[in-house]
Amino acid sequence: MAPSVQPSSSPLRTSEGDEKYANVKWEELGFSLIPTDCMYVAKCRQGESFTEGKIVPYGDISISPCCPILNYGQGLFEGLKAYRTEDDRILIFRPHENAVRMQDGAERLCMAPPSVEFFVEAVKQTVLANKKWVPPPGKGALYIRPLLIGSGAILGVAPAPEYTFLIYASPVGDYHKASSGLNLKIDHKSHRAHSGGTGGVKSCTNYSPVVKSLVEAKSSGFSDVLFLDAATGRNIEEASACNIFIVKGNIVSTPPTSGTILPGITRKSISELARDIGYQVQERDVSVDELLEADEVFCTGTAVVVKAVETVTFHDKKVKYRTGEEALSKKLHSMLTSIQTGLVEDTKGWMVDI
Ligand code: COI
């Protein structure tokens, strides 16, 4: 069932909020939180369904110290974006896909998920209530962050008795500031995911374990870390917050979503666009050796969009790849963002116009 709350035509505003808005430097957006006016909150008991939610002022939430999200990490998140077009429409990129992915994750973590319809309606309401925070055309996007968390108190390890579905948003620009391309370091010591774990769903618990490796890599001047499979240590998996592709000749390859790779929505969209322009796209194990021999490497994700990789470092070997105007990633980035921002017709039915 869809949320019972109707879209708010006039978002909650405060003079503090208006001042914050006036001070946003749209040209300089990065990927840091700029709190918007409103967020969406819905709750449901275990075994029941989400039936209603509401738009409330953005702010801190009150939660039991004994809830499973805080104690055992029972939580999922999503990330999606809304764009403002030149003719001032607001388009959301593939929200149904995020809804389905949240359902898959909820099944894995024994959580009550919102229905696809409920999820999409709630996202629309969140965007409408924060409409003014969708950046001007070409200046970035409104990043939308849905959370599903086990919020009811329970001391033992078990599903939470109550779940909270919450959506907040922030205007964002580039995730990585590096203009030429990413410098990735392969982590050959720690792993992001393992067979039978939660690497294939967007569990909150997938992210903090990568931070140590990421911090170490950044302190040595790298942009991000690339993880290898835990079973053999020979195949590439994904970076800290994005999927990876390699290009060799006319073949574009990316690791398969067989449990340890996040099924990225940008990943899926980019595979389709690459096929549309004549590339063969293969979802298969990709070895480190192949990566080091590739013509080009790029990363994809909601936050990252499509980002060329300039170098990969494995132990003391550093390989440089094609970047810039000639790179396939540049072409795919342009194809994708033209659809997202309404510059070209969306023949795929990806954009939801609100
Ligand atoms: C996204 O691209 O939405 C992500 O999940 C990345 C986030 C962890 C920063």
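Descriptive notes on the structure:
- Each helix, a run of at least 4 DSSP H residues, gives -39500 (n - 2.57); summed and divided by the residues of the chain, these come to -7000 deg cm²/dmol at 222 nm.
- Folded to 0 to 90 degrees: helix 265-276 orientation relative to the chain principal axis, Cα: 50 degrees
- Taken along the Cα-to-beta-carbon direction at a fixed 7 Å, the label points for GLN280 and TYR207 span 3.8 nm.
- Cα-based helix-to-principal-axis angle, 116-129 vs the chain, degrees rounded to 10: 80 degrees
- Rg(Cα)/(2.2 N^0.38 Å) for the chain, N = residue count: 0.99
- Solvent exposure of segment 66-180 amounts to 34 Å² per residue of accessible area, where only protein heavy atoms count and the probe is 1.4 Å.
- Projecting label points 7 angstrom from Cα along Cα→Cβ for ARG234 and LYS320 puts them 3.1 nm apart.
- Cross-link pairs beyond the 23 Å C-alpha cut-off, checked among LYS202/LYS318; LYS81/LYS132; LYS124/LYS307; LYS43/LYS268; LYS131/LYS331; LYS43/LYS348: LYS202/LYS318; LYS124/LYS307; LYS43/LYS268; LYS131/LYS331; LYS43/LYS348
- Computed on the chain, with alpha-carbon pairs under 8 angstrom and 6+ residues apart, the relative contact order is 18 percent.
- Share of carbon and sulfur in the accessible heavy-atom surface of segment 287-354 [1.4 Å probe, %]: 46 percent
- In Å², nearest 10: area of TRP26 left accessible to a 1.4 Å probe: 40 Å²
- Highest-fluctuation residue, PRO114, PRO255, PRO209 considered, GNM on the chain with Cα pairs under 10 Å: PRO209
- Segment LYS331-ALA153, extension gain: residue separation times 0.36 nm, minus the distance between their alpha carbons: 59.1 nm
- The mean accessible area for residues of segment 208-349, using a 1.4 Å probe and ignoring ligands and nucleic acids, is 43 Å² per residue.
- Applying the Karplus relation 6.51 cos²θ - 1.76 cosθ + 1.60 with θ = phi - 60° to segment 208-221 yields 3J(HN,Hα) values of 5, x, 8, 5, 4, 5, 5, 4, 5, 5, 5, 5, 9, x Hz, where x marks Gly and Pro.
- Spatial separation of Cα centroids for segment 290-354 and segment 152-204, in angstrom: 21 Å
- Rounded to whole Hz, the Karplus (6.51, -1.76, 1.60) HN-Hα couplings of segment 345-350, x for glycine and proline: 5, 8, 7, 9, x, 7
- In range of the label at ALA178: residues from segment 204-247 whose backbone nitrogen is under 11 Å from the point 7 Å along Cα→Cβ: 218, 221-226
- Taking only the C-alpha atoms of segment 11-112, the Rg (one decimal) and the largest Cα-Cα distance, Dmax (whole number), read 17.0, 48 Å.
- Extension gain from SER49 to LYS348, taking 0.36 nm per residue of separation minus the Cα-Cα distance: 104.5 nm
- Amide H contacts under 5 Å for VAL225: LYS185, SER240, restricted to partners 5 or more places along the chain or on a different chain, H placed in the peptide plane at 1.01 Å from N.
- Linear extension gain, ASP104 paired with LYS132, 0.36 nm per residue minus alpha-carbon span: 6.9 nm
- Convex hull (Cα only) mean projected area of segment 54-137, reported in nm² to one decimal: 6.5 nm²
The values are calculated or read from the model by the stated rules, or taken from the named source; none is laboratory data. Treat the numbers as computed from the prediction; the structure is a model and nothing was measured. A quick note on method: Cβ atoms are made from the backbone with ideal geometry, for glycine too, and the neighbour counts reach across all protein chains shown. These area figures cover heavy atoms from the full protein model, side chains too; ligands, DNA and RNA do not enter into them. Shrake-Rupley method; radii C 1.70, N 1.55, O 1.52, S 1.80 Å.
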